[in-house]
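Engineer: Below you'll find the structure I mean.
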Amino acid sequence: CAAGLPSLGEGFRVENQVFSEDEEEPKIRSTTIFYEDLVYDYLEAPQEITVFDRAAGRILLLDPVRKVRTELTFQELETLSERLRTWALGQPDEFLRFSANPELEETNDSSTGKLHLQSSWLTYEVDTTEPARSEILRLYLEFCDWQCLLNTRLNPGSRPPFPRLRLNLALQRLGRVPHEVRLTVRPKGDTFLGGKSAARSEHRVIPHLLESDRNRVAQTDQFIAMFRPLPFGEYQALMQPSR
């Protein structure tokens, strides 16, 4: 997922919202701060901070309410990803087999910045924008890859991450970052999917940081030093009811 460690330069921030179906209020809000060689992701509800330490190849999860933290490595997520792919390829469920190695027809419109990836199972419709600086594209999409794999680890039974990873690769080739992503999943027969579902996410990339962002990062670094470390399983058990 990651390739090298380019400098984050002056840093930047991404404000995220995720909506279910046609709901007007987001079910998830988060802010992602890219600063030096670290990425700090702040989930509003439940409160949780995720720190992607690119140089050390690790991910820290912090619970500011209970003042505990845990850690996973990039290698653990990569190993899980390959095991999940192998398992999905061997399942009788057609959607799982498709998700393990998704074949998606890709089209894009350079005049509007719209990107479409589609198959008979699912469709991604993406409104994109050109990043203000070249490093924003690479760093943001690298983060999206790791976040996608982490979500799979944190939410057992969720859809496999490989179609979304395929979308991130398409965005990398296109040289643009997502502004709005609309996903429609269409089940066929009796599958792992259940009924038809749709989701939408919005992403606002701000190509600079405020002093409040730097203060938030500094506070998080203090949390890392202060919070009680837990094994991942214990931490996950504490957080699971609120996720």
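The values are calculated or read from the model by the stated rules, or taken from the named source; none is laboratory data. Remember, predicted model here, so these are calculated numbers, not experimental data. With ideal geometry, Cβ positions are generated from the backbone for all residues, glycine too; neighbour counts draw on all protein chains shown. Remember, those area values only see protein heavy atoms, side chains included, never the ligands or the DNA or RNA. Shrake-Rupley method; radii C 1.70, N 1.55, O 1.52, S 1.80 Å.
Engineer: In the stretch 16-38, is there at least one residue being among the aliphatic types (A, V, I, L, M), closer than 19 Å to I206 by Cα and open to solvent by less than 20 Å² (accessible area, probe 1.4 Å)?
Structural biologist: Yes, because at least one residue in the stretch 16-38 is among the aliphatic types (A, V, I, L, M), closer than 19 Å to I206 by Cα and open to solvent by less than 20 Å² (accessible area, probe 1.4 Å).
Engineer: Just need a number here: residues in the stretch 140-154 that are open to solvent by 50 Å² or more (accessible area, probe 1.4 Å) and either over 19 Å from V14 (Cα atoms) or of a type in the set (G, A, S) (or both).
Structural biologist: Taking the stretch 140-154 as the starting set, the residues that turn out to be open to solvent by 50 Å² or more (accessible area, probe 1.4 Å) are 151, 153.
Remaining after also requiring either over 19 Å from V14 (Cα atoms) or of a type in the set (G, A, S) (or both): 153.
Count: 1.
Engineer: What's the total number of residues in the stretch 61-84 that are in a helix (DSSP H, G or I) and under 18 Å from the mean Cα position of the chain (by Cα)?
Structural biologist: 10
Engineer: So, in the stretch 59-94, of the ones that are touching a Leu at 6+ places or on another chain (Cβ under 7 Å) and among the basic types (K, R), which residue ends up least open to solvent (accessible area, probe 1.4 Å)?
Structural biologist: Going through the qualifying residues, I end up with R69.
Condition check ((1) open to solvent by 30 Å² or more (accessible area, probe 1.4 Å); (2) in a helix (DSSP H, G or I); (3) under 30 Å from R66 (Cα atoms)) across all residues:
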position	(1), (2), (3)
P163	no, yes, no
P178	no, no, no
L183	no, no, no
K188	yes, no, no
A199	yes, no, no
T220	no, yes, yes
M239	no, yes, yes
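Engineer: While we're here: Could you list, in sequence order, all residues of the stretch 130-161 that are assigned to a helix (DSSP H, G or I) and in contact with a helix residue (DSSP H, G or I) (Cβ under 8 Å, 6 or more places away or on another chain)? Walk me through it before giving the result.
Structural biologist: Of all residues in the stretch 130-161, those assigned to a helix (DSSP H, G or I) come to 134-154.
Listed by number, the residues that qualify are L137, R138, L141, C144, D145, W146, C148, L149, L150, T152, R153, L154.
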